[in-house]
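Peer 1: Handing you a structure now.
The values are calculated or read from the model by the stated rules, or taken from the named source; none is laboratory data. This one's a predicted model, so the numbers in the text were calculated from it and none came from an experiment. Every residue, glycine as well, gets a Cβ built from its backbone with ideal geometry; the counts of neighbours run over all protein chains shown.
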Amino acid sequence: MILKRTTALVVLAVLVGAPLTPAFAVSKEIVQLQTQVQDLSDRMDHMQQSFDERMGIMRSLVEKSSDNVNKMSDSVQTLQRTLQQQSGDTQAKIDQVSGQIQTLNDSIDELKARLAKASKQLEDMQTQQQNIVQPAPGGSAPATAQPPAGAAAVQAPPADMLYNNALRDYNAARYDLAQAQFQDYLKYYPNTDLAGNSQYYIADMEYRAGNFDAAVKDYDRVLEQFPGGNKTAAAQLKKGYSLLELGRKDAGIHELNALIQRYPRSIEATQARERLRKLGASTTRPAAGRTR
């Protein structure tokens, strides 16, 4: 449209500025000029039409591209949500398996304790039988069998009963009762295989209650007093978690890395790696020494 107006103005200027000529010549030139203007106008219309068509095509392509970009964005967001959900499900499964393994270890420990007790009772019975069968020197009456050394322990309840009751109360979330019984177990039986487990559960109840300072100290007792127990890896993992809850991020990362280096193939090491990944921390070999 702008070109048409420009062309018309040019033609008008030529007509106005042209010298006076005979009417016939002017009329002929005007007809030619009008023909040329009409031809130019037709061409401009054709160009405008072609331009509009191409603009329509480009507009359609842009709209399609925009739709494709929106679809891709939706797909990416859906994929991210799926990955986050899968990550959460994986962590939940890891925690579940860890709990099941922990329960299995507890059952094995309980079975070991019962077998050890039965073996001790059998040995005591064999000793008493030998004392009865063999006469004392000099023909005197057989000596009275002496009570085992553990009998002097201020009427302590049997070890397996005390531990099993504490573990039952712990699993039932009766933490006050469980803590008192685990403490009694440590008091009466500090050197048994289940003493480390008892100390771990005391620390774990502190952790569940949000007493993270006390939990760190109790987990340290597991690591220091029972380094060969089957709760050592779990205690070090929970100690790292407790330090993170206390805002001591560097110390918590250090402890989790120490766990990974010490027990690289354990389920606790898998949990530690996942926690470090969420924190954006690298898995590196920590310096010697234990964080307190």
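Peer 1: Report, ordered by the first and then the second residue, all pairs with beta carbons closer than 6 Å, sequence separation of six or more or different chains, a first member in the stretch 185-205 that is touching a residue at least 12 places away in the same chain (Cβ under 8 Å) and within 12 Å of residue 222 (Cα to Cα), and a second member that is assigned to a helix (DSSP H, G or I) and aromatic (Phe, Trp, Tyr).
Peer 2: 194/163; 198/182; 198/185; 201/170; 201/182; 202/182; 203/219
Peer 1: Just name the residue that is modelled with the highest pLDDT out of those in the stretch 264-291 that are aliphatic (A, V, I, L, M) and out of contact with any helix residue (DSSP H, G or I) (no Cβ under 6 Å at 6 or more places or on another chain).
Peer 2: 279
Peer 1: Still on this structure, please answer the following. If only one of 107, 73, 27 is among the hydroxyl-bearing types (Ser, Thr, Tyr), exposed (fewer than 13 other Cβ atoms within 10 Å of the Cβ) and either modelled with pLDDT under 70 or in contact with a His (Cβ under 7 Å, 6 or more places away or on another chain) (or both), which one is it?
Peer 2: 107
Peer 1: Which ones in the stretch 240-263 are closer than 16 Å to residue 203 by Cα and in contact (Cβ under 8 Å) with a residue 40 or more places away in the chain?
Peer 2: 243
Peer 1: Could you say whether any residue in the stretch 188-200 is surrounded by fewer than 17 Cβ atoms within 10 Å (Cβ to Cβ), out of contact with any Pro (no Cβ under 6 Å at 6 or more places or on another chain) and part of a helix (DSSP H, G or I)?
Peer 2: no
Peer 1: Let me ask you something else. Could you check the stretch 180-238 and list, in sequence order, the residues that are small (Gly, Ala, Ser) and either over 18 Å from residue 268 (Cβ atoms) or touching a strand residue (DSSP E or B) at 6+ places or on another chain (Cβ under 7 Å) (or both)?
Peer 2: 180, 195, 198, 209, 210, 214
Peer 1: Looking at the stretch 201-254, which of its residues are part of a helix (DSSP H, G or I) and either aromatic (Phe, Trp, Tyr) or not assigned by TED's automatic domain parsing to the domain that holds residue 268 (or both)?
Peer 2: Residues satisfying the conditions are 201, 207, 212, 219, 241.
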